[in-house]
Structure formats: structure tokens, C-alpha cells
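Only one structure is covered here, and it is reproduced in the block below.
The values are calculated or read from the model by the stated rules, or taken from the named source; none is laboratory data. All values reported here derive from a predicted model rather than from experimental measurement. Cβ sites come from the backbone with ideal geometry, for glycine too, and all protein chains shown count toward neighbours. The area values use the complete protein model at the heavy-atom level, side chains included, leaving out ligands, DNA and RNA. Shrake-Rupley method; radii C 1.70, N 1.55, O 1.52, S 1.80 Å.
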Amino acid sequence: MTSLAIASAFSPAIASATEGTRHITMQQDVTHARLIRLNLPAGDVLVTGISGNVITTEVSASCKDGPNEKRLACYELLAKLEWKQKIGNTSTFTLSPTGINNYDHSTLKIKIGVPMDKKLEANLSVGLLSIIDTSGCLTADVNAGEIHIAVSESQLASAKIGANVGDVEMTTAEGERIAGKRSLLVGASLNWKHGTGDCHTEAGVVAGKVSLVLK
């Protein structure tokens, strides 16, 4: 059984949208989920593995300096900012509004704690996506920006990272750096199949950089 819910803050925002800032926190039990899917429009995102069966999120949003009409549009965006949830075997958390053009004049910093035993899928349209100490059974995609992943090598059977335009790099637990193979002079990819674990990590950017560090 899958349920659909909308959640904004379980704790109150510490500043109103009219002041140009907003802070949202949320917690959700995901005991019965096998996969956690994150859909994020923009920002500086940090996803870390945590113990237990509850996903935690913290969003700090602010408006950039600029013309009055731009700031008013940003205030409206902050007022609408919320998490949309779909809870089930695959539990999906989407930060709304979803269109990246909505975030042209705002700055977002997002921290998410995901139970370490849950498979993870993280999707970010524009920005920096860092994933640390989560399950190694994960996929990550960014349209424009960077992906940095650091997970335990003992979890992995294989890994695949790529950039249509940009660079990729992997560092093994022994400290060996492996650069991606160039593709059409503008892109790069890397396939690693030397693990003894059960998980597969896959990460890609359309334009940007991917780095994978095995611990």
C-alpha cells in the first residue's frame, strides 16, 4: 500500500518568507521502504547515512540581492517551498516547486539524513550533490553541477560514473586515483568491477564533475 502526503515543516520556520529567508525541517518514518528517492531542483545538497528508520531533512533558503521584482518573486517561492512525499516500498521525497527557473534568485542549502540500510536514488537538477556514508546501493544524477560520493568499499561489487561533458575520478580505499576514460574529448566515464560487496553505485552528470571515494 502506498500513501501520498504533503509535508512542509514539522517544526516551525525560523524566519518568514517576507524577510527573505526560510528554514524547514522534516522527519518521516521509512521503516517499510526499500528505496529512498530524492528529487531536488537546485542547491548545495548534503546526504549522509544515519542509523534508524527515519529520514531527516533540513532546508535553509534565502533570497539573493537584486531588483525588487526579483526579490518579490523569491519571497513567493519561499512561501511555497515544501516537501511532497509518497511513502511506500519506494519512498519519494520531492522538494517543490520543482522547476529550476523558480530558483534563479535564491540560495538553497539542503541536509538530508537517510537510513544507511536503505537503497538510495538522488536526483538534482542544478548544484552540488554530496553523498557520504550511505548505502553503496545508490544512483545519483545531476544535470549541471557536481557529484561527490564517499562510501565504504566493502559494500560495493561495482561502480559506474560518467559525465557527458566534464570529468570523472575515483579514489580507491588504498588511495589509488583512477581518472575516467575520455569520450569525444568533452566527456568521461569509468567502470569499476573489483569489489567484493553486493551493491552497485552509479552516478552521472550531463555537464560537470563526478568524484567517487571508496573508504
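Out of the residues in the stretch 69-99 meeting the condition of being among the charged types (D, E, K, R) and in contact (Cβ under 8 Å) with a residue 40 or more places away in the chain, tell me which one is farthest from residue 122 (Cα to Cα).
71
Looking only at the stretch 49-73, count every residue that is buried (at least 16 other Cβ atoms within 10 Å of the Cβ) and polar (S, T, N, Q) and tell me the total.
4
Considering (1) under 17 Å from the mean Cα position of the chain (by Cα); (2) over 17 Å from residue 25 (Cα atoms), say which one residue 96 fails and leave the rest.
Going through (1) under 17 Å from the mean Cα position of the chain (by Cα); (2) over 17 Å from residue 25 (Cα atoms) one by one, residue 96 breaks only (2).
Could you count how many residues in the stretch 95-114 are of a type in the set (Val, Ile, Thr), modelled with pLDDT under 95 and under 28 Å from residue 54 (Cβ atoms)?
Number of matching residues: 2.
Could you figure out which of (1) at pLDDT 95 or above; (2) open to solvent by 20 Å² or more (accessible area, probe 1.4 Å) isn't true of residue 36?
(2)
Testing residue 76 on (1) out of contact with any strand residue (DSSP E or B) (no Cβ under 8 Å at 6 or more places or on another chain); (2) surrounded by 16 or more Cβ atoms within 10 Å (Cβ to Cβ), one condition comes back false. Which one is that?
Exception for residue 76: condition (2).
Of the conditions (1) modelled with pLDDT under 95; (2) within 23 Å of residue 98 (Cα to Cα); (3) not charged (D, E, K, R), residue 122 clears all except one; give me its number.
That leaves (1) as the condition not met.
Within the stretch 91-132, take every residue that is open to solvent by 40 Å² or more (accessible area, probe 1.4 Å) and hydroxyl-bearing (Ser, Thr, Tyr) and give me the one that is nearest to residue 164 (Cα to Cα).
Taking the candidates together, the pick is 98.
If you check residue 171 against the conditions, is it in contact with a Lys or Arg (Cβ under 6 Å, 6 or more places away or on another chain), of a type outside the set (D, E, K, R) and touching a residue at least 24 places away in the same chain (Cβ under 8 Å)? Can you show your working first?
On the way: in contact with a Lys or Arg (Cβ under 6 Å, 6 or more places away or on another chain): yes; of a type outside the set (D, E, K, R): yes; touching a residue at least 24 places away in the same chain (Cβ under 8 Å): yes.
Yes.
In this structure, does residue 118 turn out to be touching a residue at least 40 places away in the same chain (Cβ under 8 Å), of a type in the set (Lys, Arg) and closer than 18 Å to residue 64 by Cα?
In short, no.
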